[in-house]
Every structure is written in C-alpha cells, then in structure tokens.
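Presented below is the structure to which this report refers.
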Amino acid sequence: MNETNKTVLFVFVALVAVVVAWAARPRTPGFDEPLDVVNQPLFPEFNQKIQQDPLVATSLELVQFDEPSGKGKAFKVAQVKTDKGLGRWSIPSHEDYPADAKDHLAEAAAALTDLTVLNVASESRGDFELYGVQDPAAKDLKPGASGVGMRVTLRDKDDRVLLDLIVGKELPDRKGLRYVRKAGQDPIYEVRLNTEKLSSNFGDWIEKDLLKLSTFD
C-alpha cells in the first residue's frame, strides 16, 4: 500500500471515529426532541387549536417565585363551571373574585401563539439558573434561590393542558427575546415573546364595572 492510499485510509478511519463518537455522545435526560427545531414552532398543536378557536383557552395560571418563602406563588384566572356549563370569569386564586378576563386571556394566549425557536441556548439542566428558567413550582427550591422563571400554563374547558412554559430572562441587549423552556424538559430556547399580557397583577384582571356584578357577588 503506497503512502497516498495510507493517508486516504487514515482520513477515512478518523472520519468514521468522529461520526461514531458524535452518535454515541451522552444526551441530557429529558431532551427528546430533534436538533433541527430552529425556526420551528415551539407549540404547533397549541397554535393549531388557537387558529380553530381563539377562545379555546379557558384558564391561565401564572406561578412566580417568592424568594422569602422559597415557594412558588400562583395566580389563576378561569371560567367557573356551573350547572349550565362554563359561566362567569373569576380568579380562583383570590376566592373566586369576579374577573373581566375574556379579552385579556385571549390576548395572553395570542402572545403565546406562534412562538418560534430562534436558537437552542442549551440542552443542560445545569444551565437553568444561568438563563433564569428554573421552575418556580419545583419543590427543591430554597429561600433566596436565583434564576427562577415564571411558569405559564393554559388549559381548555376540560382542564386539559394546552401550553406549559417556563419564561426566563431576557437576552442581553436583545429586547423582546427571552429564554424559555417547556415545563418538564431540559432544552432552553430563545424566542421572541411579549410578556406584557402575562400579568399576575390582581388589578389587571378584576371586574371594574360593579353594575355587571350580581347582588350575591
């Protein structure tokens, strides 16, 4: 075998070794999606349901971290079920206080529609704190924990989860872009997201027109 053939053989063997090593590389637990997710919708099924029915989401829960207690604090707005089906809007997290939420919730859902993956920032759960996507509902968080995000969950009238997302930090010098990850999964994505409508401020949701409230309410 001449020197040229030997060189070609060595290069081929080296390439095969690289491919095998890449295929056998350790994967982060929970990463069960293909790598070619960039420029793809983050929640395609949710997008489709919203297109079919803009009011498919009948409840929104926002969980944010309370540093002094080390626990997640939930704010929820939903339609109250009655004997005739879904009735008025209320805030279950605040003793079912009447809410003016139909349009507000639709706007919040719209803000979460068509989220597109711009980049995969990380696949490691060790980076959750760095990107601010630690789950505020996690039981192992301690008082003063940092890098905790906001968990956003939308459900339909049958209490089925439509979207479950943890919103993290805004990208440095990239206004409007945020790090996010799907609840229960490890990959951290960069998306364009306006969080203005994802408010847990009680005053943003309550029914302000007292004439719309019954005497009992």
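The values are calculated or read from the model by the stated rules, or taken from the named source; none is laboratory data. All figures in this text were calculated on a predicted structure; none of them were measured in a lab. Quick reminder, even Gly has a Cβ in these numbers, built from the backbone with ideal geometry, and neighbours come from all protein chains shown. Each accessible area value is taken on the protein alone, full model and side chains, heavy atoms only, with ligands, DNA and RNA left out. Shrake-Rupley method; radii C 1.70, N 1.55, O 1.52, S 1.80 Å.
Couple of notes before you dig in:
- Screening the range 89-144 for residues that are in contact with a strand residue (DSSP E or B) (Cβ under 7 Å, 6 or more places away or on another chain), part of a loop (DSSP other than H, G, I, E, B) and among the aliphatic types (A, V, I, L, M) and picking the one that is nearest to Ile188 (Cα to Cα) gives Val133.
- Close pairs from the range 78-107: first on the phi > 0 side of the Ramachandran plot, partner at pLDDT 70 or above and open to solvent by less than 30 Å² (accessible area, probe 1.4 Å), Cβ under 8 Å, at least 6 apart: Asp96/Ser90
- Every residue from the range 184-196 that is within 14 Å of the chain's Cα centre (by Cα) and over 21 Å from Ala138 (Cα atoms): Glu190, Val191, Arg192, Leu193, Asn194, Thr195
- Residue within the range 115-126 that is under 11 Å from the mean Cα position of the chain (by Cα), open to solvent by 10 Å² or more (accessible area, probe 1.4 Å) and of a type outside the set (D, E, K, R) present: no
- Scanning the range 134-181 for residues that are crowded, with 20+ Cβ neighbours inside 10 Å and under 17 Å from Val120 (Cα atoms) turns up Gln134, Leu165, Ile166, Val167, Gly168, Arg178, Tyr179, Val180, Arg181.
- Scan of the range 52-78 for residues that are over 16 Å from the mean Cα position of the chain (by Cα), open to solvent by 50 Å² or more (accessible area, probe 1.4 Å) and either at pLDDT below 90 or not polar (S, T, N, Q) (or both), ordered by number: Asp53, Pro54, Leu55, Asp66, Glu67, Pro68, Ser69, Lys71, Lys73
- Output for the range 145-164, where each listed residue is under 15 Å from Leu112 (Cβ atoms), at pLDDT 95 or above and either assigned to a loop (DSSP other than H, G, I, E, B) or polar (S, T, N, Q) (or both): Gly149, Thr153
- Residue count for the range 165-217, restricted to those that are modelled with pLDDT under 85 and within 19 Å of Phe75 (Cα to Cα): 11
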